[in-house]
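Working notes, structure below.
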Amino acid sequence: MLQDLKRKYAHFLLLGCLALKEGDKLFITANKEVEEFVDLVIAEAHRLKIDDIETLLIDFAYQKECYLTKSYEEIITDPRLDRTKYNQMAREGYAFLSLSSPLPGYLKEVNPKLLSKVQKHISESTKEFREYQDKELLKWNISAVSNPYWAHVLGLENEEALWKLIFSICLIDEENDPIQLWREKLTKLKKRADNLNRLKIEKLIYQNSLGTHLEISLPENYLFQSAEGQNIVNMPTEEVFTSPHYLKTEGIVYASKPLEYQGNLVEDFFLEFKGGKVVNYGAKKGEEILKGILETDEGSSYLGEVALVDISSPIAKTGQIFLNTLIDENSCCHLALGQSFAECVVDGLEKDTEELKKLGLNTSKKHVDFFIGTDDLQIEAVLKNGEKKIIMENGNFKEENL
């Protein structure tokens with residue numbers, strides 16, 4: 001039964017998410033811990049007559065050993081840690097399937113400054129790939145895959161229990177075709193995004209009992225988007241999202257869930273903004289990791305995304321914090337530091353970086369989501385005509401105001 005669901009999931013990722021067809025090219029990236037599932041995806045791809053397949057399997061154990069025993073120069077010149085294959089695959093027109101299977105806390109012994117420095121190098125070395133991605137010039141998808149270590153950290157009985165949660169939130173365990181189920185869900189999300197666009201919002205005001213009081217202004221011609229498009233880039237997905245004006249965020253925001261970042265955890269943290277930039281921050285755990293994110297480049301201390309998600313989403317209803325950004329960001333409202341989305345302003349995909357920046361979109365090598373939704377979060381929209389509307393109350397959309 002479990003193996004059948006894994007095959008169904010692999011089939012859905014290829015056809016339902018990436019929308020591949022016979023003769024397409026596929027590039028799979030994953031941790032070595034999930035190599036068995038990678039093999040299953042490859043077998044399913046061959047069955048669909050997708051035969052040009054490349055892989056990049058990341059060995060976390062080797063990576064950790066390098067971080068603990070080698071210098072920065074040795075690490076960035078180690079061919080086993082090289083990521084420039086991403087650029088090659090983008091140039092050659094491969095579809096990207098990234099299988100997200102984190103090892104939360106696995107790199108906690110690593111010097112956070114070294115980790116941040118290496119991650120900055122990796123971001124710089126894969127700039128070409130990210131440009132293809134940002135301009136929607138390639139198909140890509142990131143989806144969750146279970147592993148024993150992750151299941152153990154979450155306190156679950158075994159790896160199978162985590163698989164069952166993933167299948168549930170991705171609608172794989174339903175009797176109906178998941179492709180059809182997701183088409184229906186995406187239609188609803190697109191309608192929600194369209195309603196937000198019709199409101200002509202000037203700024204959003206966030207408040208909750210954690211202490212969040214944040215005002216985020218939107219660009220003149222903002223567009224809320226959903227996952228509807230040439231393919232589904234995140235699985236699961238429950239969000240509608242846009243990019244803020246990167247110079248116009250004021251106030252303080254408190255994270256509502258831990259952030260898993262490159263094998264480390266950042267917990268109980270806050271960010272304070274002035275003129276769009278983070279001017280103060282703190283964390284009870286992982287503050288050096290947070291500092292590394294903020295200091296990646298000039299743009300990493302400004303916001304690049306505003307995403308709205310009901311606190312009663314199917315993921316939130318599981319009651320599980322997954323310690324995985326892909327899943328946790330779709331359980332509640334979230335924001336992201338770093339790179340903005342060109343598609344989140346009118347005709348944005350036709351504009352270059354400088355044109356987008358003039359419109360208020362941020363530029364960075366990073367895009368790091370963090371979670372702020374709570375069951376008492378209120379978001380008020382101030383419209384361009386001066387009217388005010390509560391669009392989220394107690395963490396959920398107030399549909400009558402959209």
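Since every read-out is calculated from the coordinates, none of them should be taken as a lab result. It should be emphasised that the depicted structure is a prediction, and the values quoted were computed from it without experimental measurement. Cβ coordinates were reconstructed from backbone atoms using ideal geometry, including for glycine residues, and neighbour counts include every protein chain displayed.
Quote the relative contact order of the chain in percent (integer), defining contacts as alpha-carbon pairs under 8 Å separated by 6+ residues.
15
How high is the FRET efficiency between L247 and T84 when r is their beta carbon distance and R₀ equals 22 Å, given to the nearest 0.05?
The calculated FRET efficiency here is 0.10.
Where the centre of each part is set by its Cα atoms, how far does the stretch 1-64 sit from the stretch 357-402, in angstrom?
35
Contour minus end-to-end for H152 and E175, with contour as 0.36 nm per residue of separation and end-to-end as the Cα-Cα distance?
Net length gain for the segment: 5.4 nm.
Can you give the charge dipole size of the stretch 2-169 about its Cα centre, rounded to the nearest 20 debye, using +1 on the beta carbon of Lys and Arg and -1 on the beta carbon of Asp and Glu?
It works out to roughly 400 debye.
Roughly how many nanometres apart are two label points built 7 Å out from the Cα toward the Cβ at K21 and A43?
2.8
Gain in length, K117 to E220, computed as 0.36 nm per residue apart minus the alpha-carbon separation, to one decimal in nm?
So the extension gain works out to 33.5 nm.
Rounded if a/c is under 1.5, else prolate if a/b is larger than b/c, else oblate: which is the chain, with a ≥ b ≥ c the root eigenvalues of its Cα gyration tensor?
rounded
Quick one: grab the alpha carbon gyration tensor of the stretch 2-169, order the square roots of its eigenvalues as a ≥ b ≥ c, and give me rounded if a/c is under 1.5, else prolate or oblate depending on whether a/b is larger than b/c.
Here the stretch 2-169 falls in the oblate category.
Can you give me the C-alpha center-to-center distance between the stretch 315-355 and the stretch 100-173, rounded to a whole angstrom?
For the stretch 315-355 versus the stretch 100-173, the Cα centre distance is 15 Å.
About its Cα centre, how strong a charge dipole does the chain have in debye, to the nearest 20, once Lys and Arg get +1 and Asp and Glu get -1 at the Cβ?
The calculation lands at about 580 debye.
Return the Rg/Rh ratio of the stretch 104-248 with Cα-based radii and a Kirkwood Rh.
Rounded to two decimals, Rg over Rh is 1.01.
List W163, W150 from most exposed to least, where exposure is judged by having the fewest other Cβ atoms within 10 Å.
Exposure proxy ranking, most exposed first: W163, W150.
Restrict the search to the stretch 178-210; then list the trypsin sites (Lys or Arg not before Pro) that DSSP places in a loop and that have at most 15 other Cβ atoms within 10 Å of their Cβ.
Those satisfying the criteria are K200.
Just name one of M392, Q339, V309: the one whose Cα is farthest towards the positive end of the charge dipole of the stretch 191-401 (beta-carbon charges, Lys/Arg +1, Asp/Glu -1).
M392
Using a simple spin-label model with points 7 Å from Cα along the Cα→Cβ vector, what separation in nm is obtained for E287 and Y62?
About 3.7 nm, to one decimal.
Give a quick list of GluC sites (Glu not before Pro) in the stretch 122-213 that DSSP marks as loop, anything other than H, G, I, E or B, with at most 11 other Cβ atoms within 10 Å.
Of the GluC sites (Glu not before Pro), the ones in loops of the stretch 122-213 whose Cβ has at most 11 other Cβ atoms within 10 Å are E157, E175.
I want the local charge near S226. Using Cβ-Cβ distances under 10 Å, sum +1 for each Lys or Arg and -1 for each Asp or Glu among the other residues.
So the environment of S226 carries a net charge of +1.
Can you compute log10 of I(q)/I(0) for the stretch 121-204 with the Debye formula, treating each Cα as one identical point scatterer, at q = 0.13 Å⁻¹?
-0.81
Hey, got a sec? Which chymotrypsin sites (Phe, Trp or Tyr not before Pro) in the stretch 9-74 land in a DSSP loop and have at most 10 other Cβ atoms within 10 Å?
Sites meeting the loop and neighbour criteria: none at all.
Sum up the charges of everything whose Cβ sits under 13 Å from the Cβ of L214, counting Lys and Arg as +1 and Asp and Glu as -1, but leave L214 out.
Combined, the nearby Lys, Arg, Asp and Glu give -1.
Pulled fully out, how much extra length does the chain show between E92 and E267, if you take 0.36 nm times their separation in residues and subtract their Cα-Cα distance?
Taking 0.36 nm per residue and subtracting the Cα distance, the gain is 59.0 nm.
Given a cut-off of under 8 Å on Cα pairs at least six residues apart, what relative contact order in percent is computed for the stretch 236-288?
Relative contact order for the stretch 236-288 comes out at 32 percent.
Taking square-rooted eigenvalues a ≥ b ≥ c of the alpha carbon gyration tensor, is the stretch 244-393 rounded, prolate or oblate, where a/c under 1.5 means rounded and, failing that, a/b exceeding b/c means prolate?
Oblate, since a/c reaches 1.5 and b/c is not below a/b.
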